[in-house]
Structures are given as structure tokens and as C-alpha cells.
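Everything on this sheet refers to the single structure shown next.
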Amino acid sequence: MPIYNPSLQSLSAAEVQRYAGMKEAHNFPPAAITAAVQEGRLLAEAKSSWEIFPYDSATSTILAERKIELTATSIKRHLQASQHVVVLAVTIGELLEKTSEHYFAQGSYSHALLLDAAGTTAVEAAADQLEAFIRQQYAQKGFICTRRFSPGYGNWDIRFQPEILRLANAGQVNITSTESCMLLPRKSVTAVIGLQPTYRQQKLQSNSTCSTCSLTNCLSRREKRKDETN
Amino acid sequence: MKVSVFDGAMGTMLQAAGLPAGYCPELWNLENPAAISKIHQTYIANGADIIETNTFGANRIKLEHYGLADQVATLNEAAVKAARAACAPHTKIAGSVGPTGKLLEPLGDLNFDTAVDVFQEQIRALVAADVDMIIIETIIDLQEMRAALIAAKTVTTKPVICQLSFGADGRTITGTDPETAAIVLSALGADVIGANCSLGPAQLLQVIEQLALHAQTPISVQPNAGMPELIHGETVFPMTPAEMAEWAPKLAAAGASYIGGCCGTTPAHIQAVKTALLHVSVTRQARQRRFDLALTSRTRTVHIGSKQPLALIGERINPTGRKAMAAEIKAGNFIGVKKEALGQVAAGAKILDVNMGVPGIDQAAAMTTVFHELSMLVDVPLVIDTTDAAALECALKAYPGRALINSVSAESERLASFLPLAKKYGAAILCLPLSDKGVPRTAAERLQCARQIIAAAFAAGLKPNDFLLDALVLTTAAEQNAALETLATLRLYRQELGYPSTMGLSNVSFGLPQRPIVNAAFCAMALEAGLDAPILNPYDERMKETLAAAAALRGEDPCGQQYSLLYAPNSAPLEAKSAALTLDTLGQIKSAVLQGEKESVIPLVEQALQEGFSSLVITDNALTAAMNEIGIAFGAGRCFLPQVLLAAETMRSAFLTLKKHLPAEAETYLGTVVIATVKGDIHDLGKNIVAALLENNGFKVIDLGKDVAPDCIVEAVRIHKPDIVGLCALMTTTMTKIDETIAAIKEAGLSPYTIVGGAVLTKEYALAAAADCFAANGVDAVTLAKSFMKENK
């Protein structure tokens, strides 16, 4: 079972700022952001595991030992024309979230929030790194990878989470889920990547994963909210 | 130098010869050796000078997939035999060694020693069967290449070719650039360094140019026949033999003296390449200056030398005299060490010294952990600082780059144990002029001692690019001429030896007051005497100032531009201050809250109390007014959540100050709120933010935490009789618990005002769940709570 431990040699301050809900704040002390970025790098323990399976796009079935048919239209559309799927699970562990909670309890609210945002940035960066690793490996075999798609995106039910964790063999990097399908540690990501043969390559939609999300009021959404235009 | 031509792809040819899909290619070495020989013959007939054995996947980790892990020797020997059967008189056989398919620690879970053992097993078999050379190829990670090359060098003296696979961004998948690869592999003793697979010749051209500039060996290249496409289930490489042949002379001009093909290339491609190279020869010169030193991490190279920028070596990862750090290391906790690494790099260190010298610990184990962790965290090269040879070897194995070994003295035991390790793992050495006879006092004696170390190093196989000379710093307070002797040593080193120099600066000021003054002055003098890489505390402000000024004076910072950026007086804060000064004390408190100035609000509140303002007036006219203003700014999108929180923190400081001075008066009370994240939901940062904002706005908040069942919430409402209940859910799977909780509260005959919120919630959902209102965010929740209390008081 492949293990890949992403190396967080940098974290984007702009992303931390966005996840903290202030993508356009210009007068916030940069030192506060830098401190959160540094501490985020210090506390994130990035680990991931992934597995590849043949995929039958005609029946939307992941051909694992026990076949798994996908029913949600969003994930089916995302994986159309894919011949294989990579199922992945990434985490930065518990240390960061515990530290953030501690700061909050001490009354350092903004630092706790920024550190939490640094954690989100770190787990997304770790997932990006794993995705790039997989993309490059399969490009050599003539495959184009779709971007990653997670349970909860579009109408893909988050209750698929335990199945995804099982397929990605996420237990070996200590990711589990609660009864309500939340990932533990909380700063974890699971996703599926489709491998399409080059000749069937489709024009991938917008790079922004936000464009498919229905949470239009999300503070970290990449586009402006409608009521923000003035 | 004439260009030698390799063969092309083996896999493509095997498939054409009928190898079934999914069948172990290496098994044909035993079962169908004639087919293997035939492929070799075809390549030789088409011009290949060197053929590669059919052993790319013949290591035990790869063979395990086919249940053939115990057949390593047999399959490799059979492959060489099949190759030998095909050879023309001048054909050379290269034993092909491919990746294990697993990533080494810390990127993956394969142990370094295991990897070395796996490669040794295969290479031993190839060598026993008498290949002419080993070719380690298609490796995507520098650490795996290090393991394979070290394995090869420990079992054979035959030449070893090392080829990495680079991606379209010019780096290997795990981030190594060609320059770093060239430096690490040259130092490890690779005989040829190159690139193969993953890219076509056009994309590999720049990689080859970079390798040729920085490697001290000949260069090889085996591109794919263009970028692959998967057509009707088959991987197709689009480049024709004629197109490929056009690139061959360009690759030779870029510095490659071994050229062949990888995936998708056929005997026709090799013939075309051979023809195109008939009258081409290669001449090239490595760029690295004769005596300069290059150190690398996995992803970055730092050069040290007289024409290079000053390379600061951070000295702070050292538990000597630092009780807290020593205790942490002893407990197996490296957070403090990692913090020092990040901090020093941020402060300008280009290289980090790493010392784990804590008495009573397993230093070797600590070195392995810390070199793994730091290699994942920072991209600057590391220095291994230990006197323990076992710990040194562990660090050398763990580190996926070219490290520097600190403190190689002329003491005979040190030379005997450290130099072979430096050679084996391709590390550079810091030569410390100390001998069995003790500390040499004069510059001339130190030079003599350095010469002794260098001579021993050459005898152990090290090269002129492997040295950094320490000038040795003694204490001025104890010895009048200590500093002058060190400066004289620096000058002598430069004049007589030419290798770059270093020294631990701070020793000089030991026992003197205001040590940073002495250190900075000494640093400036040492730079002029030829110091290239000072070991120092990068946080020292005076040292930073001295280095910035020195860079300007030495012409490294043209016209002092960087210096000016750092030290030009900044007028902006003064303006802000003077604006604040025009306000009265209450105005200043309000401004401090708005700006989130946690520290400055405390004396301001104290001042206001002295001026006779009551706690109530300060709260209403300054603090609450500020929070209201922040709330309005937030609603209008002019300020953002972290700013609101910073203001709340400032407000908290102010309240605590009021409480301290006027405990009876300071209480403000708007109402009671019971707040919880509902059952099944474990996210509570959002809920915590709402709770904190409510609290700082005068509410008494009873926070039940996260994952709280409806009956617990009902019970809390019964006991505390709150005015308001706040419920939060973040996920679609948990938001139904909001409905259940509200129903349970109502069923119990209780009727607090209910406010709900959380990422997936909407106004519509809140109404359907029978909540009294929906809060889109924390500020909104405070506004709703306040207006409810106002209407119902």
C-alpha cells in the first residue's frame, strides 16, 4: 500500500489569510500571519496513503476486491472516461488542532483562528503535493489525471467517507471517521482522482474547487460573495 | 570525447515479441532467453555500443509482486547471460537497476538500510555475472538514488551510471533540481550522471545542460520518444526515429556523451540517433570553481566560496547549555528543534548546524529522527555536529542531500572514523585545526594542522571541493592576541590553501560584557580577512546590522539598496501615533480596540480610571462603542473575522484590567447564553468564536462544548435558565440534530430564544427547524443576541 509523506517546506500566507476569512484584508498585521504560517509548518505532521483501482466508467464502478458502484451524479460526471481511480487520504495529524484549541482557551482568539487556517492550508497543500506526485507518475504511462474530488463535493454524499477511507487504506496513517462521517483528525482530506487516457482528455472545468460548491456564503470562498460587490 | 550510444526500450520490444500483459518481464530471462538475446542483437545491429540487461525490475521488492522475491540472483544472472550471447566484440553490457517502487523514509516507509540491502543483492548478482557497468535508472527520488549508488559502490568497483527521471518542471517528482542531483551524485562517486524516461528529448535538453554545468562526470541521456499518449488501451509515443535523431546532436552539444532511448524508442530510433552522432564529439567544462564547496538539501544547493554570497550557518540547534532543549530532546520531542530551524531560516541562515549532544540519550536514533524531520521542514542544507561516529553515520544515511560534517580535527581517532564515512556518503568536511597535541596557538600551526587533515582526507578519497576550513576562535578575555591570530589564520588559509573558511564567532567574546558588540566587530574584521561562512546566532540584531552594512560596503548589496530597505527610518508608525495622540483617553482606548492593540490598551484603561472615568463609562463609550463599530465594519465587508477576534482579545485585556482595579464595578451583564455544537459534530472553532464574542460583549456564556446530545442541552437549559440557546452544526450529516435539539427543548416545556448557525446552515433551514433565528457568523450572532435582549428587557 503506497505511503507518501508530503514535505511542507512552505505554506502560502495568502491561502492562510483566505481560509481565515480575510482574503481582502490589507490592514491586518503581516507578522500575525507569518507567525501562524511558521507555527503551522512546525505542527503539521503530513502523511498520506493512496491506492489505485481499475474503474468501469460505463457502470460507474470502482473495481476493488469488493466492487463499489458510484451513484451520485457529480462524482460520476467527474470520473467519466476514467479507466482507473486513485483513492487518497491525507492528514496533518492532531497536534495542530490541539494547539489551536489551547490558544483559543487562553484567549488568543485570532492566533487560534489563523493557526487553524494554517492547518487547513497545510492539509490542502499536502493533498496538492500528493496529487502532483500521482499526476506525474501516471503521465509517464499516458494518463491525464482529473483534479481531486472529495465526498461532500456536489451531491456526492459525505456518508461515502468510511468507504473511501477503507479503499485508501487510511488506517495506516491513522485517519478514521466518526459516526456522522467527519474525519479524525479533523485536518484530513479524502478524495478520488480519475485517470483518463490522453486521447479522451476533457477540458477540465474551472480550477477553482469553490465553483462547484453550494456554500456561497463561505468566508474562504475564492470568488466574491454577491453582497460584497459594493 | 566521442558519443557512445545506448540501446532503446526493452519493454516495448518484449511486448512486440509476445510477452503477455501483466507477466513478469524478467522471468523471460529464464524461460525465453532467446527472445531477450534477439532484442539485444537487434539493437547492436542498429548501432548500440552499450546494451542494458533485462533486469529493470529484478530487485526483490519488485519481484515480490510476482512471487519471485527469492529469484533475484537467478534472474539477474540469466539476463546477463542472454545479453552476453548477443554481444559484438566491442559491445558493453550495462546491468540495469530500476526503482523499488517504494519511497524511502521520511517521504515513504522504506528504510534506508533495507533499500541498500535490496540494491546490493541485485547489483552483486549482476556483477557476479560480469556486466561491464551498472546503470541505475528511472529513479524519481534522490534518496533512493543515494541508497542504490551507495549499494553499488560497496559491492563493485565497476563504473556506475546514475540516471534520474525529471518532470516537466525540471525537477524530479520529489523536488530535486539537476544542479543538486549533479552535486550529490558527483560527491557520492557516480561515474556518469544523467536523465532518462518521463520526458522527450526537447524537454530533457535543459536538464542535461544543467547536469553538465554542475556534474564532475560525463553525462548520459535516454529520452522517451516524446510524451506518451494512451490510445485504445495502448501507450503510444509519438516521436519518429528521424525526429529523435534531430535532437541527438543538440543533446550532445548540451553535454551528453552517452545517448540512447527510453520508453517508445525502437531499434530504428537508435539507428537514426547513431547516424546523427557519427561525427559529433563532446567537450565540456564543469562550472564549479576548483575549491568552492557546494552543500545541498534534497531540493536546493548552497555554494560557499570567495566569490559566493556569505553563507550564514545557524548555530542554535544545540542543546549544550540549553536545559529546555536538552530535556525536550531527551523526551523524544523535537518541536523545539524544528522551531529553531524555522526561526533561523527566517532570520537569514543559509545552512543549519545540528547538534544532538544530550548526555544519556541514544544519539544515533535522535540524529535519524531529527535529520528526517528537518529534511521535510526546511530546504537549507544541514551540518552534522557530533563526535560520535555511529550518530554521524545515522545522520548521513537519513539526510537526502549533501551534508557537511562538523569538527573533523587532526586527531588520529577522528580522522580514522570520520573520513571514510564522509567519502562513503558524499559529505563535505569542516576541518578543525586541533590535533592529538592539543590546540595550535599560532596561525602557522593551524595552517599546518589543516594541511594534515586535508592530506588524510585526500588519502581517504575526498576531493578539493569537499573542504571548509575552521580558523579556530579562542577567547579574547583569556588571551590577548586570540582574535588577531584567528584573523591571521583566515588570511593564511586563503593565501596558502584557497578553500573556503568558517568559524564559530561567539567564542571570542566569552567572559566579556555586552558580547554582541564584540561579536559584531569581530565578524566585520573576519569578513575582510576572508571569512566565507560564519557560524553564528542569526537572531542577533547587532550581527544582522553588521552583516547588512558589510554586504553594502563589500559591494554585494549594490549601493546599499537592501541595507536601506532594512534600516531607513519608517515614518508611518509615527504618523499613526501622532493621530492617536490627538484623541482623548477614551478615544485612544476605542482606537486601540479597533486596531487590536492588546498591550497598549492596558495602560490606557488605567489612565482613564485615574482620570476619573467610571468602569461603566469606559465600557460603554470606549469598549462597546469599538466593538459596535467593528461589527458594522465586518457586516459591510470592510474588516474580517481575525480582526474582529483581535479586537475581542483587546477588549478582553481591557475588561481584565477594569476587573483588576474595580472588581465590584466591572461586571456588565446582558444575559445568559447556553451554547453547544450539536451531537455528532466535532468541529467547534466556529462555536468557540461565537462564545468568545458573546462573552466579550457582556453575556454570561455557558459553553457545553461539542458533540452534545439533545438531552444534555435540555438539562443545561433547565438548570441555567438562559435567555438564549445557541446551536451550531457544520455538516449536512449533523445539522438534523439542530431540529431534534430544538424539538426536545420545546417538548420539555422550555422556551429560550434559539439562535442557530454553522457552515452548511441557511436561513431557510433554520426556520424549518423551528429556530428563532439564523446567524450567518459570530458578529451576526452577537447583534441578534443583543437586539433580542434589548427588546425583551
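The values are calculated or read from the model by the stated rules, or taken from the named source; none is laboratory data. Quick caveat: nothing in here was measured; it's all calculated off a predicted structure. We place every Cβ from the backbone using ideal geometry, glycine too, and count neighbours over all the protein chains shown. Accessible surface is based on the protein model in full, side chains and every heavy atom, while ligands, DNA and RNA are left aside. Shrake-Rupley method; radii C 1.70, N 1.55, O 1.52, S 1.80 Å.
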Can you name the residue in segment B:759-781 that is surrounded by 23 or more Cβ atoms within 10 Å (Cβ to Cβ) and out of contact with any Phe, Trp or Tyr (no Cβ under 8 Å at 6 or more places or on another chain) and is also farthest from the other protein chains (Cβ to nearest Cβ) among such residues? B:Ala771
Per the filter on segment A:59-69, residues open to solvent by 50 Å² or more (accessible area, probe 1.4 Å) and either touching a residue at least 60 places away in the same chain (Cβ under 8 Å) or in a strand (DSSP E or B) (or both) are A:Glu69
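Of B:Leu670, B:Leu694, B:Leu658, which residue is out of contact with any Asp or Glu (no Cβ under 6 Å at 6 or more places or on another chain) and open to solvent by 20 Å² or more (accessible area, probe 1.4 Å)?
Numbers: B:Leu694 fails: open to solvent by 20 Å² or more (accessible area, probe 1.4 Å); B:Leu658 fails: open to solvent by 20 Å² or more (accessible area, probe 1.4 Å).
Selected residue: B:Leu670, the only one of B:Leu670, B:Leu694, B:Leu658 that is out of contact with any Asp or Glu (no Cβ under 6 Å at 6 or more places or on another chain) and open to solvent by 20 Å² or more (accessible area, probe 1.4 Å).
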Scan segment B:446-463 and report the pairs whose first residue is under 24 Å from B:Ala488 (Cβ atoms) and whose second residue is among the aromatic types (Phe, Trp, Tyr) and part of a helix (DSSP H, G or I), with Cβ atoms within less than 8 Å and a gap of 6+ or a chain change. B:Leu447/B:Tyr493; B:Ala450/B:Tyr493
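Is one or more of the residues making up segment B:53-61 more than 26 Å from the chain's Cα centre (by Cα), farther than 30 Å from A:Glu51 by Cβ, buried (at least 23 other Cβ atoms within 10 Å of the Cβ) and away from chain A (no Cβ under 14 Å)? Full working, then the answer.
Just the residues of segment B:53-61 that are more than 26 Å from the chain's Cα centre (by Cα), to begin with: B:53-61.
Next cut, farther than 30 Å from A:Glu51 by Cβ only: B:53.
Narrowing the set further to residues that are buried (at least 23 other Cβ atoms within 10 Å of the Cβ) leaves B:53.
Right, trim to away from chain A (no Cβ under 14 Å) and you get B:53.
Yes; the residues of segment B:53-61 include at least one that is more than 26 Å from the chain's Cα centre (by Cα), farther than 30 Å from A:Glu51 by Cβ, buried (at least 23 other Cβ atoms within 10 Å of the Cβ) and away from chain A (no Cβ under 14 Å).
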Can you tell me which residues in segment B:11-22 are more than 15 Å from B:Ala268 (Cβ to Cβ) and either in contact (Cβ under 8 Å) with a residue 24 or more places away in the chain or of a type in the set (A, V, I, L, M, F, W, C) (or both)? B:Gly11, B:Leu14, B:Ala17, B:Leu19, B:Ala21
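Which of the residues that make up segment B:696-706 are in contact with a Lys or Arg (Cβ under 8 Å, 6 or more places away or on another chain) and free of Cβ contacts under 8 Å to residues at least 60 places away in the same chain? Working first, answer last.
The first filter runs over segment B:696-706 and keeps only residues in contact with a Lys or Arg (Cβ under 8 Å, 6 or more places away or on another chain), leaving B:696-697, B:703, B:706.
Once the filter is applied, which keeps residues that are in contact with a Lys or Arg (Cβ under 8 Å, 6 or more places away or on another chain) and free of Cβ contacts under 8 Å to residues at least 60 places away in the same chain, segment B:696-706 yields B:Asp703, B:Lys706.
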Report yes if B:Phe699 is open to solvent by 20 Å² or more (accessible area, probe 1.4 Å), more than 9 Å from chain A (Cβ to nearest Cβ) and under 17 Å from B:Ala781 (Cα atoms), otherwise no. no
Within segment B:175-189, which residues are surrounded by 24 or more Cβ atoms within 10 Å (Cβ to Cβ) and either closer than 21 Å to B:Leu103 by Cα or at pLDDT below 95 (or both)? B:Thr176, B:Pro178, B:Thr180, B:Ala181, B:Ala182, B:Val184, B:Leu185
Tally the residues that are under 20 Å from B:Cys523 (Cβ atoms), over 15 Å from the mean Cα position of the chain (by Cα) and away from chain A (no Cβ under 14 Å), restricting the search to segment B:309-351. 10
Check on B:Ala625, open to solvent by 20 Å² or more (accessible area, probe 1.4 Å), among the aliphatic types (A, V, I, L, M) and without any contact (Cβ under 8 Å) to a residue 24 or more places away in the chain: no
For B:Ala268, indicate whether it is surrounded by fewer than 19 Cβ atoms within 10 Å (Cβ to Cβ) and either out of contact with any Lys or Arg (no Cβ under 6 Å at 6 or more places or on another chain) or at negative phi (or both). yes
For B:Ala403, all conditions in the list (1) over 30 Å from the mean Cα position of the chain (by Cα); (2) among the small types (Gly, Ala, Ser); (3) within 30 Å of A:Ala126 (Cα to Cα) hold save one; what is the number of the exception? (1)
Of all residues being hydroxyl-bearing (Ser, Thr, Tyr) and in contact with a helix residue (DSSP H, G or I) (Cβ under 7 Å, 6 or more places away or on another chain) in segment B:363-387, which is farthest from the other protein chains (Cβ to nearest Cβ)? Just the residue, please. B:Thr386
For segment B:129-156, name all the residues that are among the charged types (D, E, K, R) and on the phi < 0 side of the Ramachandran plot. B:Asp132, B:Glu137, B:Asp141, B:Glu144, B:Arg146, B:Lys153
Given the conditions (1) at the interface with another protein chain (Cβ under 9 Å from one of its Cβ atoms); (2) modelled with pLDDT under 90; (3) farther than 17 Å from A:Trp50 by Cβ, report the number of the one that A:Asn155 does not fulfil. (1)
Segment B:97-135, residues that are polar (S, T, N, Q) and in contact (Cβ under 8 Å) with a residue 60 or more places away in the chain: B:Gln122
Just one of the numbered conditions (1) out of contact with any strand residue (DSSP E or B) (no Cβ under 6 Å at 6 or more places or on another chain); (2) open to solvent by less than 50 Å² (accessible area, probe 1.4 Å) is not true of B:Gly360; which one? (2)
Members of segment B:71-101 that are surrounded by 20 or more Cβ atoms within 10 Å (Cβ to Cβ) and either modelled with pLDDT under 95 or outside any helix (DSSP H, G or I) (or both): B:Ile93, B:Ala94, B:Gly95, B:Ser96, B:Val97, B:Pro99, B:Thr100
Please go through segment A:1-58 and pick out each residue that is more than 10 Å from chain B (Cβ to nearest Cβ), small (Gly, Ala, Ser) and in a strand (DSSP E or B). A:Ser48
Restricting attention to segment B:157-174, report how many residues are more than 14 Å from every other protein chain (Cβ to nearest Cβ) and open to solvent by 10 Å² or more (accessible area, probe 1.4 Å). 3
Just give me the residues in segment B:645-703 being of a type in the set (Ser, Thr, Tyr) and part of a helix (DSSP H, G or I), in sequence order. B:Thr650, B:Ser653, B:Thr657
